[in-house]
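Single-structure report; data block below.
Computed from the coordinates by the stated procedures, all read-outs in this text should not be read as laboratory data. Please read these numbers as outputs of a predicted model, since none were measured by experiment. So basically every Cβ, Gly included, is an ideal-geometry build from the backbone, and we count neighbours across all protein chains shown.
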Amino acid sequence: MADDTKLKIVVFGAFGAGKTTMIQTLDPGSKHIEANCAGGTTTVALDFGRIQNNGCNIHIYGTPGQERFEFAREIIARGMDGAVLLVDVTAPPDEFTSHLSDSLHAAQVPFVVFLNRCDGTGADPDAFVGRFGASETWSVSAKDRKQCMDAFLKFAGTLSPRPCGHTSP
């Protein structure tokens, strides 16, 4: 990747899938907007982190995981070069995650599926095999920096970066 290039990668997933954790793992200085909810906190606007790799500035945006924030996901997704669909495999497959996958396919954006919490109690990664069309599916722990970074950069390497001065609609 050439100097002064950038990628915008957006992370989608259901409530509690681990989006904020993954972005904080990738960029410990990341920022997020959260609110208190039953059981802790939740992202209500977005997460934002950035990393550099081989002269490319990779901007990482995390979306809220509740259905009511569809409008925010649409705004955040504008101009994305690629997406990660993060799935918590300790929970059964759900309609919302299928909706996110269908939306990414419809947008014709390159995306990869990261299966999170594969070592968790009740984890069933096999339940998600074949659920996301032709998209690659990788097991990744959102808390493991090396594993997360390796998978994220491998995916980013498949995307075409833009010159830093370029803006997308």
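Structure notes:
- Among 97, 158, 21: highest mean-square fluctuation, GNM of the chain, C-alpha pairs under 10 Å: 158
- Backbone phi angles across segment 125-142, fed through the Karplus curve with coefficients 6.51, -1.76 and 1.60 (θ = phi - 60°), yield HN-Hα couplings of x, 4, 5, 9, 5, x, 7, 10, x, 7, 5, 5, 10, 10, 7, 9, 8, 4 Hz in residue order; Gly and Pro are listed as x.
- GNM remark for the chain: springs join alpha carbons under 10 Å apart, and the peak mean-square fluctuation among 23, 51, 76 falls on 51.
- Correct choice for volume of the Cα convex hull per residue in Å³ that was computed from the model, options (i) 104; (ii) 112; (iii) 176: (ii)
- In order along segment 108-123, the phi-based Karplus estimate (6.51 cos²θ - 1.76 cosθ + 1.60, θ = phi - 60°) of 3J(HN,Hα) comes to 6, 9, x, 8, 10, 9, 9, 8, 9, 6, 5, 9, x, 4, x, 4 Hz; Gly and Pro are listed as x.
- Residue-span extension gain [residue 109 to residue 31] - 0.36 nm each, minus C-alpha spacing: 25.6 nm
- Note on residue 158/residue 68: beta-carbon distance plugged into 1/(1 + (r/R0)^6) with R0 of 22 Å gives a FRET efficiency of 0.10.
- When the Gaussian network model of the chain links Cα atoms closer than 10 Å, the mean-square fluctuations of 91, 107, 77 top out at 107.
- With R₀ fixed at 22 Å, the C-beta to C-beta distance from residue 126 to residue 149 puts the FRET efficiency at about 0.30.
- Amide H contacts under 5 Å for residue 136, placed H, 5+ residues apart: 113
- Segment 1-157: antiparallel DSSP beta bridges as a percent of all, rounded to 5: 40 percent
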